[in-house]
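Everything on this sheet refers to the single structure shown next.
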Ligand SMILES: [Zn+2]
């Protein structure tokens, strides 16, 4: 097992990082402190192996990030909706990326119907996706394959949820440029796989239809 560094090490690392950034790009932090204008909102899993900025090579100030267990966007989640509204209405991001990852523990727990206490309520929406696609999932040969497919289906459902929020619907209605992307990340190779067509407006959302939830449709 990897040795966990003492907390002092993190502070030492931070001072070294800040000094290195300032050395290579003098004024970087002073400039960034004035305002943020990232072009992207990232909605991803809280898993420590899926660090948003590093995966896509983005620097501080370039990615607005929201993470939770199993990258969910529920219509009653004030936290996610507040992030979404701030990103769309105030920062005016051009892209929203919903990025799941294969081997997601939250998704696996939903598939196994594991008893988790309060966390069961959180992953209930994933269980609903699982039940809706039970037939397809049951045909896969291994549990790992079922988990990975459910990770994909879950991302697609969350993209639908994002698209259905009044925040995104209103942005599209007023002509704001806003594209929603569905991605899944491979823990084993560090690569992102786009899952489906980009949804860039009310028309393209309508056109998604049922095919969006079918494997091999894209
Ligand atoms: Zn996860």
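The values are calculated or read from the model by the stated rules, or taken from the named source; none is laboratory data. Everything quoted here is computed from the prediction, not taken from an experiment. As a convention, Cβ positions derive from the backbone with ideal geometry for all residues, glycine included, and neighbour counts pool all protein chains shown.
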| said: Every residue in region 104-141 that is more than 16 Å from the ligand (Cβ to nearest atom) and not in a helix (DSSP H, G or I), please. | reply: 113, 115, 117, 118, 133, 139, 140, 141
| task | Assess whether residue 38 counts as being in contact with a strand residue (DSSP E or B) (Cβ under 8 Å, 6 or more places away or on another chain) and surrounded by 10 or more Cβ atoms within 10 Å (Cβ to Cβ). | result | yes
| task | Answer yes or no: is there a residue in region 162-181 that is out of contact with any helix residue (DSSP H, G or I) (no Cβ under 6 Å at 6 or more places or on another chain), part of a strand (DSSP E or B) and at pLDDT 95 or above. | result | yes
| remark: Here the qualifying pairs (Cβ atoms under 7 Å; residues six or more apart or on different chains; first in region 13-24 and within 13 Å of residue 60 (Cβ to Cβ); second in a helix (DSSP H, G or I)) come out as 21/28; 22/28; 22/29
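Report the residue count in region 27-53 for those that are away from the ligand (no atom under 13 Å from the Cβ) and outside any loop (DSSP other than H, G, I, E, B).
Counting residues in region 27-53 that are away from the ligand (no atom under 13 Å from the Cβ) and outside any loop (DSSP other than H, G, I, E, B) gives 11.
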| note | Residue pairs within 6 Å by beta carbon, gap of at least six or interchain, first lying in region 114-131 and farther than 14 Å from residue 74 by Cβ, second surrounded by 13 or more Cβ atoms within 10 Å (Cβ to Cβ), listed first then second, are 116/109; 130/110; 130/111; 130/150
| Members of region 77-98 found to be touching a strand residue (DSSP E or B) at 6+ places or on another chain (Cβ under 9 Å), surrounded by 15 or more Cβ atoms within 10 Å (Cβ to Cβ) and not in a loop (DSSP other than H, G, I, E, B), listed by number | 80, 83, 84, 86, 87, 88, 91, 95, 96, 97, 98
| request: Considering every residue within region 62-76, establish whether at least one is in a helix (DSSP H, G or I) and more than 16 Å from the ligand (Cβ to nearest atom). | output: no
| remark: When every residue in region 142-159 that is surrounded by fewer than 18 Cβ atoms within 10 Å (Cβ to Cβ) and in a helix (DSSP H, G or I) is compared, the one farthest from the chain's Cα centre (by Cα) is 143
| message | Six or more apart or on different chains, Cβ atoms under 7 Å: show the pairs whose first residue is in region 143-172 and more than 23 Å from residue 79 (Cα to Cα) and touching a residue at least 60 places away in the same chain (Cβ under 8 Å) and whose second is more than 16 Å from the ligand (Cβ to nearest atom) and not in a helix (DSSP H, G or I). | response | 149/140
| message | Can you say whether residue 101 is buried (at least 18 other Cβ atoms within 10 Å of the Cβ) and farther than 27 Å from residue 171 by Cα, as far as the supplied structure shows? | response | yes
